[in-house]
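A short worksheet on the structure shown next.
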Amino acid sequence: MTLEANLAVAGRPKPTIVNIVSTVNLGCKLDLKRIASRVRNAEYNPKRFHAIIMRIREPKTTSLIFSSGKMVVTGAKTIEETKFAARKHSRIVQKVGVDEGVKVQFMDFKIQNIVASCNVNFAVRLETLSFSDTTLGCASYEAEIFPGLIYRVLTPKVVFLIFASGNVVITGAKSFENHTLKAWEQMYPLIAQHRRNCPVNLVTSPVQEKSAPKRGRKKSVPSSSASEPVSCF
């Protein structure tokens, strides 16, 4: 049984991929000015960034193309999609960016980062989680700098961004099955130990709690007390 099936049987929320970053080597030098002048969906401003930013609609991805022939592709949701997008970007470069007789290659394709997200459907006590068991990795939480807790898992080597609302972002993985899901299977029980008792939509910040008006009942004053004479001694 796969890890995805195990998570479904256990009733745990399953992370979903939101972005994949891949790299590929086109194997030749590129004329970036030539590519930018011939492709409508390309941006090139060498004073700001020494690469072309190219976007395509299907699949909806963005590539960074460098003059050395290296290319970075972002925005895909599956491994197949990012590989197909990388080949599509390389074909565009082949048509407009190289001289006759020069062939664009497709070498050293690698997945560099898989970003996944998930919601545990309950609020999390980040303060106690930051001082919890450190056998899985190390935690860092500074609310004044960043609202989420950063937890770096040692094995597999991924990073969790955990927020008090229950939203979790998992980044740094190179394999969804072997890295993301394995780390999530280890991390979810630890997060569940620091669950808040109240629902997510009722969690308020200390500032909101101080500014919120008190909703207690007003003490009723008997009507007879107003008419009774007050005796002074």
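The values are calculated or read from the model by the stated rules, or taken from the named source; none is laboratory data. If you're wondering where the values come from, they're calculated on a predicted model, not measured in any experiment. Here Cβ is always computed from backbone atoms with ideal geometry, including for glycine, and neighbour counts include all displayed protein chains. Remember, those area values only see protein heavy atoms, side chains included, never the ligands or the DNA or RNA. Shrake-Rupley method; radii C 1.70, N 1.55, O 1.52, S 1.80 Å.
Worth a mention:
- N119 paired with R195, simple spin-label distance in nm, labels 7 Å along Cα-to-beta-carbon: 1.6 nm
- Per residue, the convex hull spanned by the Cα atoms of segment 5-93 amounts to 107 cubic angstrom.
- Summed over the residues of segment 67-199 and divided among them, the accessible surface reaches 53 Å² per residue at a probe radius of 1.4 Å.
- Exceedance of the 26 Å cut-off in Cα-Cα distance is limited, within the set K60/K182; K14/K77; K14/K60; K70/K174; K29/K157; K110/K182, to K60/K182; K29/K157.
- Pairs of Cα atoms nearer than 8 Å and 6+ residues apart set the relative contact order; for segment 1-130 it is 35 percent.
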